[in-house]
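Encoded as structure tokens, the structure appears first; notes follow it.
The values are calculated or read from the model by the stated rules, or taken from the named source; none is laboratory data. These numbers come from a predicted model, not from an experiment. Using ideal geometry, Cβ is built from the backbone for each residue, glycine included, and neighbour counts are taken over all protein chains shown.
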Amino acid sequence: MRKKQFKAESKRLLDLMVNSIYTHKEIFLREIISNASDAIDKLCYLSLTDSNVGMNRSDFKITIKIDKEARTLTISDNGIGMTEEELEENLGVIAKSGSRAFKTKLEEGKTEGADIDIIGQFGVGFYSAFMVADRIIVITRAYGSDQAYRWTSEGEDGYTIEETEKASVGTDIILEIKQDIGEEHFSDYLEVYQLRSLIKKYSDYVRYPIRMDVPKSRPVETEENGEKKTTYESYTEEETINSMVPIWQRTRAEATDEDCTAFYKENFFDMEDPARIIRVNAEGSVSYKALLFVPTKAPYGYYTKEFEKGLRLYTSGVMIMDRCEDLLPDHFRFVKGVVDSEDLSLNISRELLQHDRQLKVIAHALERKIKTELLSMKTEDAEKYNQFWHEFGLQIKYGIVSDYGTHRELLEDLLIFHSAKENKLISLDDYVNAMPEDQKYIYYACGESAERVAKLPQAERILDQGYDMLCLTDEVDEFVMNALAKFKEKEFRSASSDDLGLETEEQKKIAEDREKEAKDLLDFVKDSLGGKVANVKLSKNLKSHPVFLSTEGPVTLEMEKYFASIPGDNKPKAERVLELNADHPVYATINSLWNENKEKAAKYSEILYTQALLIAGMPIEDPEKYTELVCELMTK
Ligand code: ADP
């Protein structure tokens, strides 16, 4: 029999776990029991549709046996078992689900001390048993096979697999518990009271009975020399240790927030406490319970295609799907958790489930519930909501623009943007409520940072008027404004827009006359810019600044920047409009130069256009030429 080696990456992990501190070692039992429960889930699920399995829900169990002499602890399950290939695949490398999350954390370059802390919090899997055992033997027979296999390993130096016999389908995990050394009292793991307390602590809600022989004593009446005596006789009796009530089936008093948090971290591989725990107990046309979590941080790779959304789905305590996508809309794909309903038909196939009416009802109700909870979070704790927004706000914004704006009504209340006036994040409701009576529009401007946006030339008149302006800094923001179009009957209006609604009819008339008068000069500036701008006009938006760049047509500068940042050809470009401030001294200068020195006037036009680009945060086309022009200006 040839000894096989673990993959190299697994070795470091093994090493780390074996050397972890004592209190963390106890989690090995939780890991082994949770594997057993998963294996039972699989066979139990199969038994719903395949009568050949020949088992009932109540036949499934996990059994724990202690042999103090041999120093072995055996955890047996009558779950699905493993074939030879599966043994090789599953136990030959430490890179399976739970361990993988653990490994990622390690690779993020944490210090050794921090590594060890992670052990207690993560599902680190089967290998954690090497923290307490010198040798592990796995005897397993897969459902549908007569052949059993025996896998043996002493850790670091690899493992062997050989054929063996086993009477029934399932898996025995035999741990040869280490000898006590110094402070480390491994013999504890061979004590019933210790195991019982670990099961209660970590595995109480496992939905299958965890059975163990428990020492008992009973009174025995004897009579000696006519005298009655009571002595006690000890015996053992198999007992179910866990309460088997899943955490989501418990009341708030039975499952505290701390319990839920611990459940979340263990089951969804997160180091952080959840930002919000959502409990649902619905009774009605469809009855179900749900325990949902809003994570505090977006997981690594969240905003990529690889991220998989979904909730774990149970029906009558049997897990039928680890990740049911149909239960979560994309805009809430960050939510994790469990849904359990007795009303879903048990033997429904996963394919059919997608079209299940009950499932749709649950999904719809959960969507509403999540929205309500997020809103409560917003009103109860602004700081917490801002933190949530920092992580998942983008997701909500994508939700608004996707599916032709179908979700806007549901999601618009959740939006927050930076207010130029308040200098903090505010909701659209806050904005509209603070609007003075004469303000017609909800103003916004886009740019790199809120500070810069608030200082944009085109923002000045709006802000001077005492109106607030939303500072948009995400690429998707302008698309959000387009998709929303209005909020509470108030239209959104870009600060670069042609009509800010700030002028009286009279002022408009004066501006038009001025524009007509200036036509030749404006044409001259446009021509000297040689096709770089679609139009040059006198601005109605400017106050103290000489110029700014606006656009004509559907594509704005921010959209152009966005399209430039994504892959693809033939990217749409904005039709640029150079707007000049006729009240600025620079305008007078260029006006008189235009009469006296056309060549110089053309150069000034170029400088002004480049300044407008800079302020708009657009790349300048020819920086050398620009500096040359400025230097020329400074020296002549
Ligand atoms: P994880 O449970 O996070 O996937 P583990 O290292 O604990 O990682 O286990 C690796 C795999 O071994 C499991 O995913 C499962 O496929 C298999 N396995 C472990 N224990 C059992 C068991 N008792 N019965 C059947 N398969 C098991």
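Pairs are defined by a Cβ separation below 6 Å, a sequence spacing of at least 6 or placement on different chains, a first member in the range 485-509 that is over 24 Å from VAL401 (Cα atoms), and a second member that is assigned to a strand (DSSP E or B) and small (Gly, Ala, Ser); no pair meets this definition.
Of the helices (runs of 4 or more DSSP H) lying entirely inside the range 351-417, those containing at least 2 residues that are touching a strand residue (DSSP E or B) at 6+ places or on another chain (Cβ under 6 Å) and either touching a residue at least 60 places away in the same chain (Cβ under 8 Å) or crowded, with 19+ Cβ neighbours inside 10 Å (or both) are 357-380. Beta carbons closer than 6 Å, at least 6 apart along the sequence or on distinct chains, pair a first residue in the range 70-82 that is touching a residue at least 60 places away in the same chain (Cβ under 8 Å) and farther than 8 Å from THR171 by Cα with a second that is charged (D, E, K, R) and away from the ligand (no atom under 14 Å from the Cβ) for THR72/GLU176; THR74/LYS65. For the range 133-146, filtered to residues that are touching a strand residue (DSSP E or B) at 6+ places or on another chain (Cβ under 6 Å) and of a type outside the set (D, E, K, R), the residue that is farthest from LEU73 (Cα to Cα) is THR140.
From PHE263, PHE268, which residue is closer than 27 Å to GLN387 by Cα, touching a helix residue (DSSP H, G or I) at 6+ places or on another chain (Cβ under 7 Å) and buried (at least 17 other Cβ atoms within 10 Å of the Cβ)? Only one candidate passes the filter, namely PHE263.
Yes or no: the range 303-311 includes at least one residue that is closer than 27 Å to SER58 by Cα and crowded, with 16+ Cβ neighbours inside 10 Å. Taking every residue of the range 303-311 in turn, at least one turns out to be closer than 27 Å to SER58 by Cα and crowded, with 16+ Cβ neighbours inside 10 Å. Taken as a whole, the condition of being modelled with pLDDT of 85 or more, among the aliphatic types (A, V, I, L, M) and within 13 Å of the ligand (Cβ to nearest atom) applies to ILE62. Considering the range 117-155, the residues that are outside any strand (DSSP E or B), away from the ligand (no atom under 16 Å from the Cβ) and modelled with pLDDT under 95 include one that is farthest from the chain's Cα centre (by Cα), namely GLU154. Cβ-Cβ distances below 7 Å connect the following pairs, each with a first residue in the range 592-621 that is assigned to a loop (DSSP other than H, G, I, E, B), a second residue that is of a type in the set (Phe, Trp, Tyr), and a separation of six or more residues or different chains: ILE620/TYR626. Restricting the range 30-44 to residues that are touching a strand residue (DSSP E or B) at 6+ places or on another chain (Cβ under 6 Å) and of a type outside the set (A, V, I, L, M), the residue that is nearest to the ligand (Cβ to nearest atom) is ASP41. Considering the range 592-621, and only residues there that are among the small types (Gly, Ala, Ser), under 18 Å from THR556 (Cα atoms) and buried (at least 18 other Cβ atoms within 10 Å of the Cβ), the residue that is modelled with the highest pLDDT turns out to be ALA612.
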